[in-house]
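The values are calculated or read from the model by the stated rules, or taken from the named source; none is laboratory data. Computed from a predicted model, the values in this text were never measured in an experiment. Note: ideal-geometry Cβ built from the backbone for every residue, glycine included; neighbour counts use all protein chains shown. The accessibility values were calculated without ligands, DNA or RNA, using every heavy atom of the protein model including side chains. Shrake-Rupley method; radii C 1.70, N 1.55, O 1.52, S 1.80 Å.
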Amino acid sequence: MNRRARTRTLALLLFTLYCVLYGTFVLVAAFGTFHEGKATGGLARGAFAGLSWGVVGGFGLIVGAFLLALAYAFVARDEETGS
Amino acid sequence: MIYETSTLAIAVFVAFVTAVLILSFWLGSRAKSAGGYFAAHGQVGWFVNGIAFAGDYLSAASFLGICGMIAFFGYDGFLYSIGFLAGWIVALFVIAEPIKRMGKYTLADALNARFQSRGLKLVAAIATLVISLFYLIPQMVGAGALVKPLLGLPHWAGVAMVGAAVTVIVATAGMVSTTWVQFIKGTLLVAVCTVVVALLLERGFSLPTKPISSDAIQTLQVTPSGTLVHGQPLSKENQLDSRLRAEFGTGFGSIASLPDGARSTGPLGPLAYFKVFAASTVTTWKKSTDPNGVTTWSPVERTGADLLLPGASPTFKGVRDDRLVAKLDFLSLMLALFLGTASLPHILIRYYTVKDAASARKSTVVGIGAIGAFYVLTLYLGIGAMTSGVLDPTDSNMTAPLLAKTFGDGLFAVISAIAFTTVLGTVSGLILAGAGAVAHDLMRDVFRMNLDDRGQVRAAKIASVALGIGAVGLGILFEKLNVSFLVGWAFNVAASANLPALVMLLFWRRTTKEGIIAAMSVGLLASLAWVLASADTLEKVLGYSAADAATMALVPFSQPAIVTVPLGFLTLVVVSLCTQSTTRKKPHAAL
């Protein structure tokens with residue numbers, strides 16, 4: 001496998017990982033947080049430091065995207081000229 | 001509401017916008033060729049391009065719309081922040097590097113790289129124009145919202161000012177000056193919002209002088225002879241929040257109770273801010289309109305914990321409903337936000353301003369860092385506005401500047417100027433994308449007009465003036481809609497029209513030009529038709545009551561992406577399989 005192909009594979013793996021995280025968050029918000037209009041769990045549940053999973057999960061998806069982007073940039077740093 | 005104008009605010013604003021325009025003229029003198037006009041000669045550094053991504057992307061929807069939505073409804077506005085940022089993952093990992101390798105100036109260039117088809121260029125150019133126009137509307141509405149509190153001018157004047165300024169920027173200089181305007185704006189937006197959040201944390205939460213009683217109802221009626229507030233003509237002394245301020249010492253949006261019976265928290269840390277808010281109660285305002293056109297706002301106390309959960313706004317209320325069909329609006333919008341970013345023509349053309357695919361990748365990472373930092377701040381800004389007694393209940397788009405005003409006219413002026421430049425930066429990118437589609441794709445490649453390099457630039461400048469005029473008209477027409485809501489539509493249409501074509505072109509060797517043309521046409525038309533036939537359009541654009549709109553709507557939910565994106569993929573696969581013999585296979589060099 002050449003360097004560009006390896007980079008593409010890594011990119012698709014990281015993309016799949018983020019899709020799973022984002023999809024889980026959206027599905028928990030839609031199906032796991034409310035029952036008959038009342039907050040029963042999911043994003044309403046406490047995570048840590050008095051914060052709910054809604055706040056932690058939201059910030060986590062934003063910060064997590066940046067961390068994955070940094071990891072990808074680091075691994076792909078040698079593939080400098082891909083044009 | 002009537003806003004007091006400030007000489008300092010106006011002076012800072014005028015100086016800021018003038019400086020941006022002078023910079024634009026100066027940089028514009030360097031770009032004479034088509035390569036310079038459309039793609040800044042491909043010589044923009046990856047860091048500058050990354051921040052310019054932020055300047056391009058953090059539009060009025062992000063700054064004005066999200067802050068307003070969080071301030072009015074809580075967590076629902078933050079869902080836009082999450083979705084808008086998540087979309088960059090698609091851009092970075094799937095689209096960025098291949099699109100840089102395939103394209104030259106426009107999205108149509110990239111899609112057409114394998115096929116050299118006039119039909120494909122035509123469809124791609126039309127999709128670019130439609131999506132850019134959809135995205136332009138909320139930017140112009142945001143501009144109108146800004147000048148009201150800042151300059152005391154009516155909405156249409158703000159829209160016209162942005163239209164004029166942007167047309168000057170794009171018509172004089174193109175991508176070079178647009179890039180630097182976006183770079184400056186992106187930097188300042190993140191920096192100044194960080195300052196506002198630091199001030200919010202320092203201020204903490206506090207109660208109004210007196211608890212707002214449940215009968216503190218506020219009314220407004222627009223009649224042919226003028227606007228009535230509490231049954232009396234609107235004036236500087238009789239505004240929507242005048243009685244509230246006189247009686248309770250606060251305007252709309254305030255803390256009702258704090259944990260442990262405290263009256264004030266003092267400075268709070270970044271995590272404690274949400275912990276304290278979740279344990280507090282907040283006075284929010286429920287709006288209703290009677291058949292005589294009298295709009296009433298009634299105080300409703302809600303817990304902070306509830307406001308930090310989704311489902312409080314009309315857009316996402318289905319989250320709290322147990323029926324699956326009610327949840328589809330939420331699921332569909334979150335899908336559109338995720339897939340839409342990498343399908344926006346004005347974002348994609350920024351990949352042609354850097355020299356190679358590695359620079360495209362690195363600039364996307366920088367962009368994600370800057371954009372992510374801003375979106376983290378939005379939840380602080382929105383909750384800060386929700387509890388600072390500054391909301392204008394008639395217009396959620398004014399929330400961020402009004403919040404800044406609580407820290408003094410100086411910060412208000414700077415924030416307003418940056419917000420105005422925010423609109424300038426994004427609208428410049430959109431008009432440039434549209435002008436490229438007209439001059440480079442339609443006039444030169446589809447209609448085969450004999451345009452040399454300078455001819456293309458001249459045609460693009462004329463197109464940008466026409467697009468600017470169109471954008472002004474639409475901005476005036478859609479004044480009352482929340483800009484985040486409007487941008488949601490643009491993401492739906494972009495994801496439906498462009499994403500199936502982009503992804504399948506990159507990853508499926510049997511994709512044919514007929515498949516791409518069909519998928520883009522079906523995705524574009526289906527998403528537009530869905531939006532137009534939806535309850536949201538009937539209620540928020542055509543003015544029907546919520547009940548009538550729900551009855552008259554031809555589609556079961558308002559956000560189309562969950563249906564129209566798969567429909568685009570399906571169309572592409574079926575048509576491609578049926579047209580294999582017509583397309584000569586070429587290797588996927590871009591991959």
Positions within segment B:318-328 being assigned to a helix (DSSP H, G or I), open to solvent by 30 Å² or more (accessible area, probe 1.4 Å) and either more than 30 Å from B:Pro500 (Cβ to Cβ) or within 10 Å of chain A (Cβ to nearest Cβ) (or both), in sequence order:
B:Arg320, B:Leu324, B:Leu328
Can we say A:Ala65 is touching a residue at least 40 places away in the same chain (Cβ under 8 Å), closer than 30 Å to A:Ala5 by Cα, within 19 Å of the chain's Cα centre (by Cα) and open to solvent by 30 Å² or more (accessible area, probe 1.4 Å)?
no
Can you pull out every residue in segment B:329-348 that is open to solvent by less than 10 Å² (accessible area, probe 1.4 Å) and over 28 Å from B:Ala546 (Cβ atoms)?
B:Thr341, B:Ala342, B:Ser343, B:Leu344, B:Pro345, B:His346, B:Ile347, B:Leu348
Identify, please: which residue in segment A:48-75 is out of contact with any Gly (no Cβ under 8 Å at 6 or more places or on another chain) and assigned to a strand (DSSP E or B) and is, among those, nearest to the other protein chains (Cβ to nearest Cβ)?
A:Leu51
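Report, by residue number, each residue of segment B:238-266 that is at positive phi and surrounded by 15 or more Cβ atoms within 10 Å (Cβ to Cβ).
Answer for segment B:238-266, where residues must be at positive phi and surrounded by 15 or more Cβ atoms within 10 Å (Cβ to Cβ): just B:Gly253.
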Do any residues in segment B:219-231 that are within 19 Å of B:Pro393 (Cβ to Cβ) have Cβ atoms under 6 Å from those of residues that are among the small types (Gly, Ala, Ser) and surrounded by fewer than 15 Cβ atoms within 10 Å (Cβ to Cβ), where the two are at least six apart or on different chains, and which pairs are they?
B:Gln221/B:Gly293
Being over 19 Å from B:Lys317 (Cβ atoms) and either within 8 Å of chain B (Cβ to nearest Cβ) or not small (Gly, Ala, Ser) (or both) is the filter here, so list the residues in segment A:37-47 that pass it.
A:Arg45
Please note which helices (runs of 4 or more DSSP H) are completely contained in segment B:46-159 and include at least 3 residues that are more than 14 Å from chain A (Cβ to nearest Cβ) and open to solvent by 10 Å² or more (accessible area, probe 1.4 Å).
B:118-151
What are the residues in segment B:176-200 that are surrounded by fewer than 21 Cβ atoms within 10 Å (Cβ to Cβ), closer than 16 Å to B:Phe420 by Cα and of a type outside the set (Val, Ile, Thr), if any?
B:Leu188, B:Ala191
When the residues of segment B:280-313 are narrowed to those that are modelled with pLDDT of 90 or more and over 20 Å from A:Leu43 (Cβ atoms), which ends up surrounded by the most Cβ atoms within 10 Å (Cβ to Cβ)?
B:Thr283
Going residue by residue through segment B:435-444, is there one that turns out to be of a type in the set (A, V, I, L, M), more than 24 Å from the chain's Cα centre (by Cα), open to solvent by 10 Å² or more (accessible area, probe 1.4 Å) and farther than 30 Å from B:Thr303 by Cα?
yes
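So which residues in segment B:169-215 are touching a strand residue (DSSP E or B) at 6+ places or on another chain (Cβ under 9 Å) and either within 16 Å of B:Thr265 (Cα to Cα) or of a type in the set (Lys, Arg) (or both), if there are any at all?
Passing the criteria: B:Leu200, B:Arg203, B:Gly204, B:Phe205, B:Ser206, B:Leu207, B:Pro208.
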Which of the following residues is more than 10 Å from every other protein chain (Cβ to nearest Cβ) and closer than 28 Å to A:Glu36 by Cβ: B:Arg263, B:Arg302?
B:Arg302
Among the numbered criteria (1) open to solvent by less than 10 Å² (accessible area, probe 1.4 Å); (2) touching a Gly at 6+ places or on another chain (Cβ under 7 Å); (3) under 30 Å from B:Pro291 (Cβ atoms), which one does B:Val229 miss?
(2)
Suppose we keep only residues that are buried (at least 24 other Cβ atoms within 10 Å of the Cβ) and more than 8 Å from chain A (Cβ to nearest Cβ) within segment B:354-376. Which one would you say is farthest from B:Met102 (Cα to Cα)?
B:Phe374
Residues (at pLDDT below 90, assigned to a helix (DSSP H, G or I) and open to solvent by 10 Å² or more (accessible area, probe 1.4 Å)) located in segment B:502-528
B:Phe507
Looking at (1) under 20 Å from the mean Cα position of the chain (by Cα); (2) aliphatic (A, V, I, L, M); (3) surrounded by 21 or more Cβ atoms within 10 Å (Cβ to Cβ), can you tell me which one B:Leu220 breaks?
(1)
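Can you confirm whether segment B:113-130 contains a residue that is in contact (Cβ under 8 Å) with a residue 40 or more places away in the chain and closer than 30 Å to B:Lys317 by Cβ?
yes
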